[in-house]
Amino acid sequence: MKHYKFSTREFGVSDTGIHLLRSNFNYSTINFKDITSLEIGRGRLIRNWLFVFIFGLSLIAFSIYYAIGLIGVFNDQSIKRIYIEELMVPFLPALLGGFCIHSASRKGVVMKIQHNGKKSSFPLEDIIKNNQYEDLVDYLVNTVKVYSKMKLISDHKKLVHID
């Protein structure tokens with residue numbers, strides 16, 4: 001494992017470029033000379049947020065549908081026994097659906113990079129927690145040579161939403 005000047009769970013920054021990490025091992029590198037645009041702003045913290053949001057809504061819809069059917073079971077006099085598993089079925093998907101909706105709606109500080117025709121987005125929560133945000137911005141300003149397409153703000157609390 002290499003030593004990076006700045007690192008999170010998803011990426012590390014060294015003198016040669018931005019290294020994409022899985023379990024702290026480099027699986028791909030974006031060289032600084034290949035970066036065509038770099039922007040730091042507020043955005044979604046997870047990829048495929050729309051899919052996660054729709055999945056959460058569908059789980060909650062299933063829970064509501066099943067709970068309405070379960071109310072009918074309680075009102076039916078011919079049913080003498082209801083198992084606990086039937087009562088748990090609407091709660092577990094509702095909890096998972098709520099978690100999915102919460103995760104999909106989270107926003108934070110992200111770094112968006114365009115390189116070689118690709119777009120990548122990385123959350124900067126770990127950098128901000130370690131009080132390295134200003135150092136990262138200074139390093140990127142001095143290292144990445146795309147000044148015309150670089151949008152960096154030194155105070156992460158003043159960032160605006162980016163698409």
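One table, with the values for the structure above:
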{"item": "For SER78: the one exception among (1) at pLDDT 95 or above; (2) among the hydroxyl-bearing types (Ser, Thr, Tyr); (3) assigned to a loop (DSSP other than H, G, I, E, B)", "result": "(1)"}
{"item": "Residue under evaluation GLY72, criteria (1) in the same structural domain as PHE62 (by TED's automatic domain parsing); (2) modelled with pLDDT under 85, criterion not met", "result": "(2)"}
{"item": "Flag if ILE71 is surrounded by 14 or more Cβ atoms within 10 Å (Cβ to Cβ), more than 19 Å from the chain's Cα centre (by Cα) and β-branched (Val, Ile, Thr)", "result": "no"}
{"item": "PHE11 vs. criteria at pLDDT 90 or above, aromatic (Phe, Trp, Tyr) and either in the same structural domain as ASP126 (by TED's automatic domain parsing) or within 24 Å of VAL141 (Cβ to Cβ) (or both)", "result": "yes"}
{"item": "First in the stretch 20-37 and surrounded by 12 or more Cβ atoms within 10 Å (Cβ to Cβ), second anywhere and basic (Lys, Arg) and assigned to a strand (DSSP E or B), Cβ under 8 Å, 6 or more apart", "result": "SER37/LYS112"}
{"item": "Only one of PHE99, PHE91, PHE62 that is farther than 21 Å from SER7 by Cα, surrounded by 15 or more Cβ atoms within 10 Å (Cβ to Cβ) and not small (Gly, Ala, Ser)", "result": "PHE62"}
{"item": "Residue identified as in contact (Cβ under 8 Å) with a residue 60 or more places away in the chain and either closer than 30 Å to LEU124 by Cα or in contact with a His (Cβ under 8 Å, 6 or more places away or on another chain) (or both) among ILE46, ILE54, ILE101", "result": "ILE46"}
{"item": "Answer from VAL137, VAL141 - the residue that is crowded, with 17+ Cβ neighbours inside 10 Å, modelled with pLDDT under 90 and assigned to a helix (DSSP H, G or I)", "result": "VAL137"}
{"item": "Some residue of the stretch 36-59 being in a strand (DSSP E or B), of a type in the set (A, V, I, L, M) and within 19 Å of the chain's Cα centre (by Cα)", "result": "yes"}
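The values are calculated or read from the model by the stated rules, or taken from the named source; none is laboratory data. None of the values given here were measured: they were computed from a predicted structure. All Cβ positions, even for glycine, are placed from backbone atoms using ideal geometry, and neighbour counts span all protein chains on display.
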